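I have placed the structure first, in the form of structure tokens, so that the comments after it can refer back to it.
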Amino acid sequence: MTFSAPGPEQAAAAVPGPPAHLPPAGPLWSPDFRLYFTARSVAMLGDTMLPVALSAGLLSYGYSAGDIGLVMAATTACFAGFVIFGGVLADRFAARSLMISADLIRVCTQSTAAVLFLTHSVRLWEVLVIAVVNGTCAAAFQPGVASTVVRVAHDVHGANAVIRTAESAASLAGPALAGVLVGFSSAGAVFAVHAATYLTSGLCLILLRLAPAPPRVTGAGTGPTFRADLGEGWREFRARTWMWSVILVWTLYTLCVMGPFTPLAAGEIIPEHGAGAYGLVNSALGAGTAAGALLAMRLRADRPLRAGSCGIFAVALMPASVGLDLPVPGLCGCLFLAGAGGAFWGVNWATSVQTQVPGDILNRIHAYEVAGSVAMFPVGQALAGPAAALFGTRQVLQAGGVMALVVGATLLSIPAVRGLRRAAPGKPGCGGPA
């Protein structure tokens, strides 16, 4: 909702209201929320198109699955390495300015990628540089997402539900659209569209009318240093056994399951079935994600992480189905179920973090848990090619399916994870064992 200063009548009435940095009660689809929703939806659509364009584009120029994994790893490594600093910067400076700057820089990088692919002058080191810049920009952008939602929507829960639905729709439509564009044109056309999505996002964020962020509460004298902010976030993260234990297990998941899957699956599916089939399979994954999110909205377990961990078992179907060389319909069915299981876990995990952690430290803890969640992802991507050369692509993917089962079982074996109770409404940090 567009923020405006209270008029004389409101000031005279002295009626208590929400803090100045929060929107007053009103309909969800306010002008500001519509702008923010458009920014996130369009950008997410472009992001879901990128893996198809990158994989098909590099393969068409003779690069290997290992090269695809290296490029993807560069983006993820920069994101994981810098997102913690992005969280502190979002607390200390204007988060929206960081988000707009990140979008506009990525307009330039993706436009450059489009030119490279359209002019047939693709060199791997140039694509790697673009990936590094994009990952760093994502690290600056991400921490401001959560804090912006509460400044554009009074109904934060409803806003998050709508945005998550848009993310699922993007996961469904983006890969299919990318496959069509690659089939009828080239990967360069997808990169051009991706640049346009970042431009749209940046313009929408520029048009937002937000109240100034609330001043930080500090003690006497100078405020906390950058290093002190980092340290405080780390202490709060480490104090929650259920959180750090999940992140520790998640490093195994990203290293052995998710990291290798994207480059190796692309190298298996695209040469055998074509880029269109790869887009279709990824769309099935997106459809499953939407179904899993809807299921999680209806099934609100008393112990959310225990229920969510059960969804990880379905994720095993994702690498296993490709490793077993199932036909395209079988791949679509398995990835639909895997997407549903992954989304069911994701909703329960996000809800647990947002409701168990006090708001004044949430941004930095969120940055730490995001960094930990993806820390081994680039390692898994980078090692995908060498592991496939040593053991065979299908064998590595089948092993990933087994490891997903191990991860689900391990999460359920940790008392602090399976015993964490849903937090009472309005009482963050009171949900169960630490």
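The values are calculated or read from the model by the stated rules, or taken from the named source; none is laboratory data. Note that the structure is predicted; figures quoted are calculated from it, not measured. Because the Cβ atoms are built from the backbone with ideal geometry, glycine has one as well, and the counts that use them run over all protein chains shown.
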Next item on the list: Could you please find all residues in region 253-281 being farther than 15 Å from G179 by Cβ and aromatic (F, W, Y)?
Entry: Y253, F261
Margin query: Looking only at region 239-266, filter to residues that are surrounded by fewer than 24 Cβ atoms within 10 Å (Cβ to Cβ) and small (G, A, S); which one of those is farthest from M44 (Cα to Cα)?
Written below: A239
Check: Are any of the residues in region 414-422 under 30 Å from L326 (Cα atoms) and at pLDDT 90 or above?
Finding: no
Check: Which one is modelled with the lowest pLDDT among residues in region 223-239 that are hydrophobic (A, V, I, L, M, F, W, C) and assigned to a helix (DSSP H, G or I)?
Finding: F226
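For region 260-356, give me every one of the helices (runs of 4 or more DSSP H) that falls completely inside it and has 2 or more residues that are within 30 Å of G62 (Cβ to Cβ).
275-298, 317-323, 328-356
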Note to self: on the phi < 0 side of the Ramachandran plot, over 15 Å from the mean Cα position of the chain (by Cα) and outside any helix (DSSP H, G or I): which single residue out of S121, S101 fits that description?
What the structure shows: S121
Margin query: Can you say whether R92 is in contact (Cβ under 8 Å) with a residue 40 or more places away in the chain, farther than 16 Å from L58 by Cβ and over 21 Å from the mean Cα position of the chain (by Cα), as far as the supplied structure shows?
Written below: yes
Next item on the list: Exactly one condition in (1) touching a Pro at 6+ places or on another chain (Cβ under 7 Å); (2) modelled with pLDDT of 80 or more; (3) farther than 30 Å from L208 by Cβ is not met by S64; state its number.
Entry: (1)
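Yes or no, residue by residue, for (1) among the hydrophobic types (A, V, I, L, M, F, W, C); (2) touching a helix residue (DSSP H, G or I) at 6+ places or on another chain (Cβ under 8 Å); (3) over 21 Å from S186 (Cβ atoms):
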position: L89; (1), (2), (3): yes, yes, yes
position: R96; (1), (2), (3): no, yes, yes
position: A114; (1), (2), (3): yes, yes, no
position: V127; (1), (2), (3): yes, yes, no
position: I130; (1), (2), (3): yes, yes, no
Margin query: Return the pair list, or none, for Cβ contacts closer than 7 Å from residues in region 312-333 that are over 23 Å from Y253 (Cβ atoms) and among the acidic types (D, E) to residues that are assigned to a helix (DSSP H, G or I) and modelled with pLDDT under 95, at least 6 apart or on different chains.
Written below: D325/R394
Checklist line | Residue list for region 163-191, restricted to those being under 22 Å from A340 (Cα atoms), out of contact with any helix residue (DSSP H, G or I) (no Cβ under 6 Å at 6 or more places or on another chain) and of a type in the set (S, T, Y) | finding: T165
